[in-house]
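S.K.: Below is the structure I would like to discuss, written out as structure tokens.
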Amino acid sequence: AAEKIQRGMKPEDALREARQELGGSEQVKESVRDTRMGRSFDTLLQDLRYGLRMLVKHRSFTSVTILTLALGIGACTAIFSLVNAVLIHSLPYGNAQRLVYLWGENSRFHMGAGGIGLHTADFFDLKNRSHSFANMTLFLPTTYNVTVKGEQTQRVWAARVGKDFFSTLQSAPEFGRVFNAGDEQPNNNHVAVIGYALWQGMFGGRADILGRAVRLDGSLYRIVGVMPRAFGFPHSSDFPRRYERNQAAQLWVPSALSPREKANRLAVDGIVLARLMRGVTLQQAEAETRTAVARFDLLRIPPARGWSAVVQPFLNTAIGPVRPLMWLLLGGVSFVLLIACANAANLLLARAVNRAHELGMRAALGAGRGRLLRQMLTESLMLSAAAGGVGIGLAYLFLHALLTLNPGDIPRMQDAALNLRVLAFLVAISVVTGIVFGILPSLAAARVNLAEFLKTGGIRGIVGGRKLMKNALVVVQVALTVVLLTGTGLLLQSYINVLSAPTGFSSSTIAANIQLSGGFYANQMNPRYNSAQKQQTFFRELLDKLKPIPGIQAAGLINALPLSNSGGMTLLQIEGQPGSNHRLVQARTITAGYLSAMQIPLLKGRNFNKDDRSGQPTVALVNEAFAKTYFPNGVAIGRHIRGNPTLPWTTIVGITGNVRTKKLDAAPPPQIYRCFWQTQVLTPLANDYISIRSSLPKAVIISEVRAAVRSLDPNVAVSGIDQMGDRVTEATARRRFQTTLLTVFSAIAMFLAIVGVYGVLAYSVRQRWAEIGIRMALGSSRISVVRLVLREGLVLVGIGVLIGSAVALASTRLLSGFLYHVPALDPITFTLVPVFLFVAASVACLVPSYRASTIDPMSILRHE
């Protein structure tokens, strides 16, 4: 102004013109406020305060939206906690990615890799000469009868291990020490390391545990260390052939192999675990191992040659079998979350229409589209944050329900918890959810047409395809639900088919596991049972004590029960069939009473009898699958078989019914039953099962078996006592677990989708209130109005069903590994799912349709 005055302007004119050029003081103040530090934070606080007031004011909308989202967030978090514990959480071993198994394979016997270790001499030679492995160890999973101070004996899952076992895993004890070279000497090997759970349970967590004596299979051992709580390797579920029920090892003793045992190139006496040298790849290690084992193979006698080796990642064995299940569950629950987001987005769209006047006024007062968008997104994030808070509680409940359904064969599932990683996932998914379900409604609400708003007096003003967007969200919900329902239907049919598969044995038979020794070699075994004759004497006396008990109808022995996923394989040579000695078949050892106890039918021939004893010509039974496979002409009885050319011929005297030996969804394999009393080969683990058919209650049978075993040897434990029906339940546990969870997810998705259809139709009826009233005033009947609304809803459902069915058709191949006797393109499932969804949607559409038909045309005309 002073400069203008100097140029000759009047003071008042100069001041007025200067203000016009520079802008008013209030505008300058606002621009300064907009650029100063903290302005964004002030705006955020303002949005939060205003959003909180609006959410509290509309409590019904807020509650429904939060609960809808919390359901999806809680379920997704619970499943992620499971995935985190099983797949993501670090194993209690150092750098587990470098650990590998070394499996033996022999193509001559059609033997795949997995479950068969290297020959003992091959292991030691490879360990001394290999340049690919930093550490190697040989261990044998087993069980021991543990007795402390003469108290009741307990069976414990254990392992005989080399001195490098713990160093290979890079696992240190909680306190005490692990094994050293001195413990490997045969005379110094009576030391033991125990697990944390065994220390707390059987020993009461005593601080003076080190140096205490414990009796294992009747022999005294001295405890030298206790492993941490998380350590339990080997797990019985880690191997293709389980040795016992699913559990973690809680006892380790030195293997202490003699020089002669280490030089044995004909026996496979354990499992080999190794740690890759830094910089060595899996392919390089396998190439070196294959070359070395092929060179060692030449040192074997010609009939025993043909061995090679495979190197497999440790993680593939430990968690590989359950990885597809974890991703299946996470994918299913993600569908539920997406459906919940679509539902919440529809609620926000409906609310945005009701806020048309408010948003128009804000726009008229100068709020730009970005400002409105930020306000709406802030409210969406507030809703998702509240839903995340509620979701923590729901996730806790869901997780406890999951652990209740634990099938028992998912490793580390019991470790699932709401830890920091899981809570971080919940926070992240809550933020992402808030953006996903809030972005589309926010964009629609931020598009305000001021001219329309002012012209209609503030009644309308939000522009954009709101109806199209709401309809699209409903279609997405229905399509996702169809995909989820279709997958669940296929899995449900598979589960029913598995349950209906014939097992071949009675589910009421009671079986108990009795192991006399945990050693593999005779010098490591309980001296009372270090010969086949001594083992047979014990079991003969046990049967003699049980058979006279009133109520026991039959009792027999077998070395591996059906559905135990364990048991031996034997070479097969058939007389008169040249070249048949390269086959491997399952072999079991039984007594005559076993078939009767298990109610396995004898189809042809005879059972074992009292004349089938040691010193007599050996006889065998075969199952129906064996007879059909190797004797297609049907004449199997009287034929001769043997394991290898050095053994005498065994005569087939009977054919039994087929039994599911591994899994219910696997066809019964060819099987040989040898006579228990004719077996002269020492059974190293002396691990046999007694099967009892009785009219007595289970508790009475258990008591009688324990008493009989205790009277013969108090240091022998009886474990794994259950009815065979329990084993069937256990064999189907994982399928039941996945089917139950996906059924729950589908039910939630179905509910949300139907609610979404109902909500869209109810909203549509409210928006078209005047139109429907005018239609009725012009002569439309109530039936035609109901038909109009129903058609609108069912068209959306039909489009969603078509899209969902197409997606399901394209994705069912991903489920092929989970299906049993159900085609991926099952016509029943692909027919019932749309029909079921249409029926449920029709019911949901009837309520808004009926309300539309009750509109009074006169009141609508008066209002207009």
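S.K.: State, as an integer percentage, the relative contact order of the range 160-264 based on alpha-carbon contacts under 8 Å between residues 6 or more apart.
M.R.: That works out to 36 percent.
S.K.: Another question about this same structure. What fraction of the DSSP beta bridges in the chain is antiparallel, stated in percent and rounded to the nearest 5?
M.R.: Around 80 percent of the beta bridges assigned by DSSP in the chain are antiparallel ones.
S.K.: Using the basic label-point model (7 angstrom from Cα toward the beta carbon), what is the Asn644 to Asn419 distance in nanometres?
M.R.: For the pair Asn644/Asn419, the computed spacing is 4.8 nm.
S.K.: Could you point to the residue in Ala230, Leu266, Asn187 farthest towards the positive end of the chain's charge dipole, with +1 and -1 charges on the Cβ of Lys/Arg and Asp/Glu respectively?
M.R.: Ala230
S.K.: Under a 1.4 angstrom probe, counting protein chains only, how are His89, His821 ranked by accessible area, largest first?
M.R.: The ordering from most to least exposed comes out as His821, His89.
S.K.: Charges only on Cβ, +1 for Lys and Arg, -1 for Asp and Glu: so what's the dipole of the chain about the Cα centre, in debye to the nearest 20?
M.R.: Dipole of the chain, to the nearest 20 debye: 760 debye.
S.K.: Follow-up question, since we're still on this one. Can you sort Glu21, Glu575 by 1.4 Å-probe accessible area, starting with the largest?
M.R.: Glu21, Glu575
S.K.: Would you please give the residues with an amide H less than 5 Å from that of Val191, counting only those at least 5 places away or on a separate chain, with H modeled from the backbone geometry?
M.R.: Distant-sequence amide H within range of Val191: Arg222.
S.K.: Something else about it: Quick check on my link table: of Lys149/Lys545; Lys4/Lys29; Lys628/Lys662; Lys545/Lys663; Lys534/Lys604, which ones sit more than 31 Å apart, alpha carbon to alpha carbon?
M.R.: Pairs exceeding 31 Å: Lys545/Lys663; Lys534/Lys604.
S.K.: Using R₀ = 30 Å, calculate the FRET efficiency as 1/(1 + (r/R₀)^6) where r is the Cβ-Cβ separation of Val56 and Arg19; round to 0.05.
M.R.: After rounding to 0.05, the efficiency reads 0.10.
S.K.: Okay, next question. As a test question: what accessible area, to the nearest 10 Å², does Arg290 have when a 1.4 Å probe is rolled over all protein chains in place?
M.R.: 80 Å²
S.K.: Moving to a separate point now. How many Å³ per residue does the convex hull of the Cα positions in the chain occupy?
M.R.: 253 Å³
S.K.: Next up: What does the net charge come to around Asp208 if you take all other residues with beta carbon closer than 15 Å to its beta carbon, with K and R at +1 and D and E at -1?
M.R.: Once positives and negatives cancel, what remains is +3.
S.K.: Tell me the accessible surface of Lys662 in square angstrom (1.4 angstrom probe, heavy atoms of protein chains only), to the nearest ten.
M.R.: 100 Å²
S.K.: Next question, about the same structure. How much accessible surface area, in Å² rounded to 10, belongs to the heavy atoms of Met858 with a 1.4 Å probe?
M.R.: Surface open to solvent at Met858 totals about 110 Å².
S.K.: What do you reckon, how do His131, His119, His400 stack up by accessible area (1.4 Å probe), largest on top?
M.R.: Largest to smallest exposure gives the sequence His131, His400, His119.
S.K.: Which residue, chosen from Phe838, Ala808, Ser853, occupies the Cα position most advanced towards the positive end of the dipole of the range 778-864, where the dipole is computed from +1 (Lys, Arg) and -1 (Asp, Glu) charges on Cβ about the Cα centre?
M.R.: Ser853
S.K.: To continue, here is another question. Would you work out which of Phe175, Leu373, Ala385 lies farthest towards the positive end of the dipole of the chain? Charges go on Cβ: Lys and Arg +1, Asp and Glu -1.
M.R.: Leu373
S.K.: Any idea what the relative contact order of the chain is, in percent, if you count C-alpha pairs under 8 Å spaced at least 6 apart?
M.R.: Computed value for the chain: 15 percent relative contact order.
The values are calculated or read from the model by the stated rules, or taken from the named source; none is laboratory data. Because the structure is a prediction, the values reported are computed rather than measured. Heads up, the Cβs are rebuilt from the backbone with ideal geometry, glycines too, and the neighbour counts pull from every protein chain shown. When the accessible area is computed, the model is the full protein with side chains, heavy atoms only, and any ligands, DNA or RNA have been set aside. Shrake-Rupley method; radii C 1.70, N 1.55, O 1.52, S 1.80 Å.
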